[in-house]
Structures are given as structure tokens and as C-alpha cells.
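In what follows, a single structure is set out as C-alpha cells and then discussed.
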Amino acid sequence: MTALDLRPEGPATVTVPGRRRRWIGLVVALLVLLGLLVLSVMIGSTAIAPSVVWEALVRPADDIDQFAIRDYRLPRTVLGLVVGVALGVSGALIQALTRNPLADPGVLGVHAGASFAVTVAVGLLGIRDIQGYLWFAFAGALIVTIMVLALGSTRQGQSPVIMVLAGVCVSAVLGGAGSILQLTNPDAFDQLRSWNAGSLVGRPLELVWPILPFFAVALILVLAVSGPLNAMALGDELAAAQGVRLTRARVLTVVAITLLGGGATAIAGPIGFVGLMVPHVARWIAGADQRWIFAYSLLLAPSLLLTADVLGRVVLAPGEIPVGIVTAFVGAPVLIALVRRRRASGL
């Protein structure tokens, strides 16, 4: 079997990690994430001591370092945590749904729908601030994903292959239309460069709170579909024989992908490779059980995003590199190495 073979591996070739190893790995991943949350608050163009960080959180004062922590680094860290969770889990969902190890939320048109909606809001409606076009991005992702879901419908139900093809086609059309709009009024889109590159800079916490209920609903749906997705990995016929309602499971999965991927894209812009790479790492550690893959993706994805964000702050200090560009540079070689591992890429 090649690294990109989409068929499930036979039981003779799959080594299932022990339950104890999975729990130990999960605890380690949690500790790493907690450490990165602290580092994200401490590290920037200037390093801030842990004692100052603690005082800023428990005893606020009119200090320039505390101001930087409360108004810039802490919101940025929270945003990285939330967006990372959404991208990682949505990536694991789309790979499980399509049984394609190279799929990510962008395959269903999430990124394209959000980007096109933002382009329309800025170019045609004159909306300039992120608070204004945030909901356009979210709505665009939802509408386009519903279109892809409808185009992927057949008489037998939802076809993962047709959904992927529909997503690619719709993304290409919307990408071209968005480029035409941007060329007609390039000055209006100057301030969108950071959003288009994928960035956590300048996003206040007020942007996160309205999206959290959607993410909560999506995570509940993830719990509901994890069992059916495990059965569907064996094939639709076997899953149906076990009582899995295929259409219902696919629709709920697509809804969860849209809520997570659309919300993350609306806040931070299109960030690639996180939702594509992290599920590979999760499968390498935890095996093929989707419940464990989702749990690991929930912890590993924000760790990757926060690491990329910290690197973007220090590599060109005092300047910064958007986190979406850093994840591309880091993710591409790591992903190439991972997909060559049979256990990491087999679905």
C-alpha cells in the first residue's frame, strides 16, 4: 500500500497503540499546550518575565508591559487556542468523512466561501473593519458548504468523492471571482492583506465570544459522529449493516466542519496546513480510532498554531510574519515526511 492509498489498512499491518500509551500521550500533549500558552504571552518583540505576566493577570496596573500583555498578547494567545482547536478538529473530520488523507476544510469550500464573502463586503459594501466583515466570512463559509453538500448529493445519499470535486470546483470559481473584484479596486483591499495571509494580530477578544457557541455546538456534533465515522471507515456497506445512518452522519459531519472551519477562517483568515497535518500526527500516535484522533487534534493543533505564531514574532523581530505563512513553511516539509509513513497516512 502506498502512502496515499485511501483504502483502510488490513488488521495485519496496523499496530494499535495501547490505551495506556494513548492516555500518556494525551497528558503530554496537554502539558505542552499549557507551556506554549505561557510562552505565547511571554515572548514577543520584547520578552516579559513570568512574574510580570502573573501580576498583569491578578493585579492589573498601569504598566506598559502589563498593557501589552492584557491588550495584545493575551487576546492573541486565546485566539490562537480557539482557532487552533477549530482547525485541527475540522481537519480530522473532513479526512474521516472523505477517507482522504490529503483533505482539509478548504476542500469543502470553507476558505473560498469566507474569502469571497469578505471580498464582496469590502469591495461592494465598503465595510473596512474586521468586526463588520467577520459575519460575512462566517455566512459565506456556511452558504458555500451547503452548496457543496447539495452538489454532492446522489440518489444513494452523500458521496464523499463528489463532495470533494464540487468543493474544488466551487473554490476555483469563487477564487477567480474574488480576484476580479480585488483587481477592480486594489486600494480597498490593502488592509485585507493580513487577513488573507492568515493572522492572529489585531483581533480583540470581542471577536471570539460570538463564535464560541457555534464551536460548542460543533464539538457536540463531533462527539455524536465519532462512532459512525469509525464504522464508515470500514466501508459504507459494513457501516449500514451496523445500523449507521450514513446520510445523517455525513450531514452532521459537514455541519460541524462548516461551523469550526468557517468560524476559524472568519476570525483569523485562511490558515493552511494545520487542519491537514495535525490529524496525520494524531493517527501516528493514537491509531485509527476517530475518538482518539479528535482528542489529539484538539490539543495538537493549537500547539502547532501557537508555536508558529511565536516563531513569526521572533524570526524577523521587531517585525512579524503572519502565522499562516509560518505554518506553510513549517507544515510543508513535515507533512511530506508524515504522509510517507504508512501508519500516519492510512485511513
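Values computed for the structure shown
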read-out	value
Residue 131 touching a helix residue (DSSP H, G or I) at 6+ places or on another chain (Cβ under 8 Å), part of a helix (DSSP H, G or I) and at pLDDT 80 or above	no
Hey, residue 88 crowded, with 22+ Cβ neighbours inside 10 Å and either in contact (Cβ under 8 Å) with a residue 60 or more places away in the chain or touching a Leu at 6+ places or on another chain (Cβ under 7 Å) (or both) or not	yes
Cross-chain or 6+ apart pairs with Cβ under 7 Å, the range 228-245 first and within 15 Å of residue 95 (Cα to Cα), then modelled with pLDDT under 85 and charged (D, E, K, R)	233/99
Single residue of the range 1-44 satisfying the filter (part of a helix (DSSP H, G or I) and farther than 30 Å from residue 76 by Cβ) that is modelled with the lowest pLDDT	19
Options 255, 244, 201; residue that is assigned to a loop (DSSP other than H, G, I, E, B), over 30 Å from residue 72 (Cβ atoms) and among the hydrophobic types (A, V, I, L, M, F, W, C)	244
Filter result (out of contact with any helix residue (DSSP H, G or I) (no Cβ under 8 Å at 6 or more places or on another chain), in a helix (DSSP H, G or I) and surrounded by fewer than 20 Cβ atoms within 10 Å (Cβ to Cβ)) within the range 304-329	314, 328, 329
In the range 62-104, residue nearest to residue 198 (Cα to Cα) [restricted to those that are at pLDDT below 80, in a helix (DSSP H, G or I) and not polar (S, T, N, Q)]	71
In the range 160-186, residue surrounded by the fewest Cβ atoms within 10 Å (Cβ to Cβ) [restricted to those that are more than 17 Å from residue 258 (Cα to Cα) and among the small types (Gly, Ala, Ser)]	176
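Here's the yes/no breakdown for (1) modelled with pLDDT of 80 or more; (2) over 30 Å from residue 203 (Cβ atoms):
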{"position": "285", "(1), (2)": "yes, yes"}
{"position": "289", "(1), (2)": "yes, yes"}
{"position": "294", "(1), (2)": "yes, no"}
{"position": "308", "(1), (2)": "yes, no"}
{"position": "311", "(1), (2)": "yes, no"}
{"position": "314", "(1), (2)": "yes, no"}
{"position": "318", "(1), (2)": "no, no"}
{"position": "336", "(1), (2)": "no, yes"}
{"position": "346", "(1), (2)": "no, yes"}
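The values are calculated or read from the model by the stated rules, or taken from the named source; none is laboratory data. Everything quoted here is computed from the prediction, not taken from an experiment. Neighbour counts run over all protein chains shown; Cβ positions are idealised from the backbone, glycine included.
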